Each structure stands twice: as structure tokens, then as C-alpha cells.
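Below is one structure, written out as C-alpha cells; the observations come after it.
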Amino acid sequence: MLLPSRLPRYPRLTWLAPFTLLAGCTGVPEGTQPVGDFQIDQYLGQWYEIARLDHGFEEGLECVTAEYTRRADGEIRVVNRGYDPAKGRWESAEGHASFAGDPNVGHLKVSFFGPFYAGYSVLALDESYQHALVAGPDRDYLWILSRDPTLDEPTYTALISQARQLEFPVDELVQVSQDPDDCPRADGPGQTRG
């Protein structure tokens, strides 16, 4: 759903598409296939980040969520939020997404910076749209998402197994705390925890 904080004027939490700096990288990781029969309206809403391959743009963030809503122009509004316990503050970034091709396939392109897009591929999704395995344009980007702040162990293990079979470096996954004690309520409109 961030750039390193040393870059001027951009929030660190531009994750789920920091790879937009790789202009035009809207593909899927080689040897993977986004889910078919994808229904964007069922995918919309809030997702909790359960685990991720860590990068500087997300490093140290806990309580990370992504909120997807439909915009008037038909594109998808993306709002990513995460809490930085070291700084004691919430960070957020807003972008937009659209289908990279067939709207029945879970392959989108996401942008947080003007014309620069990155691939967003839903590689696994349960029938009721309660958990997902999502990749960026290559195997350096992977997220396990859930509609709830926690994910049962059998489901988590199955998603890890699937990612391993797809040759993602699952031993490098970082589990993300969604513990209410680690996730203080944010101040300001649109900044409260769901």
C-alpha cells in the first residue's frame, strides 16, 4: 500500500507503490499469475497488513492498513497508513490504481507520483475476499493482507507456502503488529483506526 524519509517533500509511507519510481514497471513477477474472476467491488475496503518484505519506505512501521475506494472517475483511491512507534506518529500516503488490463484479473497498476505506475498483482485471494497475497512488479515486493487485524495460523502458513512455491524470499518476511496497544488512535479526519 513510502519513500525513504531523506527524500524531500514526499511522505515516507508511499508503500504499496514505492516502486513507482521504476516508471512503467506494471508487470507481474515472472512465473506468477494474478487471480482470475477478480471482483474489484468485493476487494474494496480496508485491509490490514499482516506481513511484508521490508523496505526503507515501510521500515519500522506497525499497524499498517490500505483502504481502497472507488473514485468518481472509476479509478480506485488508495490510502496507505502506518504508525511509526519510534517517532510516535501516523504516516499516510494517497494514490490511485486502475486495471493494468482485463478488469476480471487481479492485476492493477498503482501510482503515488503522477505518471509513474507500478504493478500490483493479487496472487492469491480466498472466495470471500478475507485474505490476500499481493506482489509488486518483482519478487522484492510481497504483502500478506487480511480484512481483520489478525490471520489464523493455518491460513498464514498456507499463504507463506504458496509464496515459497512462487520463489519469494519468505524467510525475509516481517510480521506487522496490529495489536491495539501498538496502534494508538490517530488524530484528525480519516486518521482513526477501523
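The values are calculated or read from the model by the stated rules, or taken from the named source; none is laboratory data. In this text, all values refer to a predicted model and were calculated from it rather than measured experimentally. Every residue, glycine among them, receives a Cβ derived from its backbone with ideal geometry; neighbour counts consider all protein chains shown. Side chains are part of the model used for accessible areas, which takes the heavy atoms of the whole protein and leaves out ligands, DNA and RNA. Shrake-Rupley method; radii C 1.70, N 1.55, O 1.52, S 1.80 Å.
Could you go through segment 81-91 and let me know if any residue there is surrounded by 15 or more Cβ atoms within 10 Å (Cβ to Cβ) and within 18 Å of Phe38 (Cβ to Cβ). No, segment 81-91 contains no residue that is surrounded by 15 or more Cβ atoms within 10 Å (Cβ to Cβ) and within 18 Å of Phe38 (Cβ to Cβ).
Buried (at least 17 other Cβ atoms within 10 Å of the Cβ), farther than 17 Å from Val79 by Cα, out of contact with any helix residue (DSSP H, G or I) (no Cβ under 6 Å at 6 or more places or on another chain) and at pLDDT 95 or above, is that true of Val134? In short, no. Restricting the search to segment 28-50, which residues are assigned to a loop (DSSP other than H, G, I, E, B) and either more than 16 Å from the chain's Cα centre (by Cα) or closer than 19 Å to Glu127 by Cα (or both)? Scanning segment 28-50 gives Glu30, Gly31, Thr32, Gln33, Pro34, Val35, Gly36, Asp37, Phe38, Gln39, Leu44.
Considering segment 101-131, the residues that are open to solvent by 10 Å² or more (accessible area, probe 1.4 Å) and among the aromatic types (Phe, Trp, Tyr) include one that is modelled with the highest pLDDT, namely Tyr129.
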